[in-house]
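First comes the structure, then the notes that go with it.
The values are calculated or read from the model by the stated rules, or taken from the named source; none is laboratory data. Bear in mind the structure is a predicted one, so any value in this text is a computation, not a measurement. For neighbour counting, all protein chains shown are included, and Cβ atoms are generated from backbone atoms with ideal geometry for every residue, glycine included.
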């Protein structure tokens, strides 16, 4: 599987209700090191009702400049949420059903932890 | 226009406050925000490739990123689809030493397959041009 199999995929819940699109994939470097860094583990998916412009990430950081752009992008991506990989029941490619979440999945705040410096 | 859910189809109120997720122990990266389209530089700071995609693999019940992928994505980004698997060049994650404004590797670019086109051109084209095998005077 490559990342593009997940990015922009449609997301549905177990009942088939459309929830949005995968706008990003959250990775965590928390395992034993493979070389200098730990291999990034797939932690969760960021789901938004929109796909375009999401790469700027204003909705996930405390970045607020330029103020007009920050406000505009945050407003466009209202409703974005993080769903953990454990809550994903199935993930397909473009031709498949997209991403299906398991029954009882939880939605989390999509904001990045503040210590991230890149 | 990029795909989106119509206002009436959205299942949740847009201004809902969600709980903070469990905080993982390690560094957190959002792939599109922190990895994709970043310049990859080798141990000497020379540019090697661009991160066009990331290969994921299941290991011990966890899905982990194993390689950074670089390839001919210009046409597929314009017209859709993706390059065939055989056209991707892989840079193993174990070579990565830092993820910041650029992705830094701990090895020299010449040891990586991703630069084979550059090496081939240097040997077969530039090297045959008079003066092509030494530094400019």
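Observations, loosely collected:
- Of all residues in segment B:44-54, those that are surrounded by 19 or more Cβ atoms within 10 Å (Cβ to Cβ), more than 14 Å from every other protein chain (Cβ to nearest Cβ) and not in a strand (DSSP E or B) total 0.
- Complete set of residues in segment B:21-43 that are within 7 Å of chain A (Cβ to nearest Cβ), in contact with a strand residue (DSSP E or B) (Cβ under 7 Å, 6 or more places away or on another chain) and part of a loop (DSSP other than H, G, I, E, B): B:21, B:24, B:26
- Residue list for segment B:5-20, restricted to those being more than 33 Å from the chain's Cα centre (by Cα) and either at the interface with chain A (Cβ under 7 Å from one of its Cβ atoms) or outside any loop (DSSP other than H, G, I, E, B) (or both): B:7, B:8, B:9, B:11, B:12, B:15
Quick grid of which residues meet (1) in contact with a helix residue (DSSP H, G or I) (Cβ under 6 Å, 6 or more places away or on another chain); (2) over 28 Å from residue B:107 (Cβ atoms):
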position: A:19; (1), (2): no, yes
position: A:39; (1), (2): yes, no
position: A:42; (1), (2): yes, no
position: A:70; (1), (2): yes, yes
position: A:87; (1), (2): no, yes
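- Screening the candidates A:62, A:34, A:94 for the property of being at the interface with chain B (Cβ under 7 Å from one of its Cβ atoms) and modelled with pLDDT under 90 yields one hit, A:34.
- Once segment A:37-59 is narrowed to residues that are assigned to a loop (DSSP other than H, G, I, E, B) and facing chain B (nearest Cβ under 7 Å), the residue that is nearest to residue B:28 (Cα to Cα) is A:40.
- Scan of segment A:1-22 for residues that are facing chain B (nearest Cβ under 7 Å) and either touching a residue at least 12 places away in the same chain (Cβ under 8 Å) or closer than 21 Å to residue B:66 by Cα (or both), ordered by number: A:1, A:2, A:3, A:4, A:7, A:19, A:20, A:21
- Qualifying residues in segment B:55-69 (those that are within 10 Å of the chain's Cα centre (by Cα) and buried (at least 22 other Cβ atoms within 10 Å of the Cβ)) - the one nearest to the other protein chains (Cβ to nearest Cβ): B:69
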